[in-house]
Structure formats: C-alpha cells, structure tokens
Amino acid sequence: MPEMPQAAKGFGVTFKAMFRKVVTESYPEYKRPAAPRFHGRHQLNRHPDGLEKCVGCELCAWACPADAIYVEGAANTDEERFSPGERYGRVYQINYLRCIFCGLCIEACPTRALTMTHEYELANDNRLDLIYEKSELIAPLLPGMVAPPHAMVEGTDEKDYYNGKVTGATAEQIAAAKARQEESVR
Ligand code: SF4
Ligand code: SF4
C-alpha cells in the first residue's frame, strides 16, 4: 500500500488550490485595461477642424524595421485639401502580418499624425484583412470636426495648426462642407 499516501498527497495539492485566489481572467467578458504606454493598433490623427495630420512624408515607412507600412503621398490643391501642408497621405496601409508593434514608426512621425491605441484584438481568419487601409486607421470625426477635403481655417497657415491655434471647424468651413454635400446629392 505505498501508493495510497502518494495519492492522498496529490489530492491534497488539488484541494489546497481550490481555495487560492483565482488568477485567470474572464476574457473576453472582462477586458483588462492596457498599460498607459501599451502599443496597440495604430491611428492616423486629425486636427481639431477635421483635416488630417499626415503629410505623406513616408518617414514612418522608412523607420519601420519590418517593412510593414506603405504610404503614397499626393499634393493638396485649393479645391481638394486633406491636410494643412502641401501634401497628404493618399494611400496609407499597415500590414499587421508584419508589424512587431515596436513603435519606431510613431517616433519617426514629425507631425504626431501616427500614434498607437490600446486596441489589441487584431486576430483574423484571413491574411488580406490584416492589411489595414487608411479608412480603417484614420481617427473618427469628433464633434466640431468637418470631413475633408476642405479649406484651412481662414487666416491660418500650416504652423498655426501645429502650434494648436486651430481649435475646431469654423462656421465658414461647416457651411462650405454642407454646400458641397448638397451639390453632390443633386
Ligand atoms: S510598430 Fe514597428 S513594426 Fe509596426 S509598423 Fe511601426 S515601426 Fe513597423
Ligand atoms: S504618418 Fe507621419 S511619418 Fe508617416 S507619412 Fe504620415 S506624416 Fe509622415
């Protein structure tokens, strides 16, 4: 009967574990908040009037060690302006099959257009959907913003935008956007 005490010892370990504090988490019902500097999905930010901060310079793509970013810049015109500068990011893609979430791209961005969010639920069942397009990365329009393309706030230049002098869309920008929308449905 030498096995019996061993077996009792084994059950004893199980029995003790039943009264220990549970360390498992009920994910996905409970989502533990990420650390403040957590590197999650990227976001392309906007100025307070809705214009895009990305100037299509490609510095993020050059800084990326995994070659995960593809950018194609294009020139803004007076009729079609997406950012306060000369250029904007016409095509912007991040390949999350390659990204290692190192954050070098956001360090390289000169306009703070690119930042990382706390979103980490990026699993997918097909490879194509893990290449995020600009439409998926661009920040949503907040109250007080107008969807580009639209003109800059009257009397301001690019520097004013980066110095935080633009605080939201003006009545002129809102009226112009409304007129453009009405024109497009006619
Ligand atoms: S986080 Fe790193 S790997 Fe991912 S896109 Fe940015 S630079 Fe590339
Ligand atoms: S996200 Fe920043 S670094 Fe990348 S293209 Fe846009 S402005 Fe340049």
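The values are calculated or read from the model by the stated rules, or taken from the named source; none is laboratory data. All values reported here derive from a predicted model rather than from experimental measurement. All Cβ positions, glycine included, derive from the backbone under ideal geometry; neighbour counts span all protein chains shown.
Listing for the model above:
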read-out	value
Qualifying positions in region 95-107 - within 19 Å of ARG37 (Cβ to Cβ) and either hydrophobic (A, V, I, L, M, F, W, C) or part of a helix (DSSP H, G or I) (or both)	CYS99, ILE100, PHE101, CYS102, LEU104, CYS105, ILE106, GLU107
Positions within region 166-186 being in a loop (DSSP other than H, G, I, E, B) and loosely packed, with under 13 Cβ neighbours inside 10 Å, in sequence order	THR167, ARG186
Qualifying residue in region 52-62 (condition: away from ligand 2 (no atom under 14 Å from the Cβ), modelled with pLDDT of 95 or more and surrounded by 14 or more Cβ atoms within 10 Å (Cβ to Cβ))	no
Exclusive hit being outside any helix (DSSP H, G or I), touching a helix residue (DSSP H, G or I) at 6+ places or on another chain (Cβ under 7 Å) and surrounded by fewer than 17 Cβ atoms within 10 Å (Cβ to Cβ), set PRO140, PRO110	PRO110
Condition check for GLY85: within 11 Å of ligand 2 (Cβ to nearest atom) and at pLDDT below 95	yes
Number of positions in region 32-85 that are assigned to a strand (DSSP E or B), under 14 Å from ILE138 (Cα atoms) and either small (Gly, Ala, Ser) or in contact with a Pro (Cβ under 9 Å, 6 or more places away or on another chain) (or both)	2
Scope region 17-43; condition more than 16 Å from ligand 1 (Cβ to nearest atom), surrounded by 10 or more Cβ atoms within 10 Å (Cβ to Cβ) and among the basic types (Lys, Arg); matching residues	LYS31
Any hit, region 119-132, residues being surrounded by 15 or more Cβ atoms within 10 Å (Cβ to Cβ), more than 12 Å from ligand 2 (Cβ to nearest atom), in contact (Cβ under 8 Å) with a residue 60 or more places away in the chain and outside any loop (DSSP other than H, G, I, E, B)	yes
Complete set of residues in region 157-184 that are among the hydroxyl-bearing types (Ser, Thr, Tyr) and over 27 Å from the mean Cα position of the chain (by Cα)	SER184
Neighbours by Cβ (under 7 Å, 6+ apart or cross-chain): first from region 142-170, more than 23 Å from PRO110 (Cα to Cα); second in a helix (DSSP H, G or I)	VAL146/GLN173; VAL146/ILE174; VAL146/ALA177; GLU154/GLU172
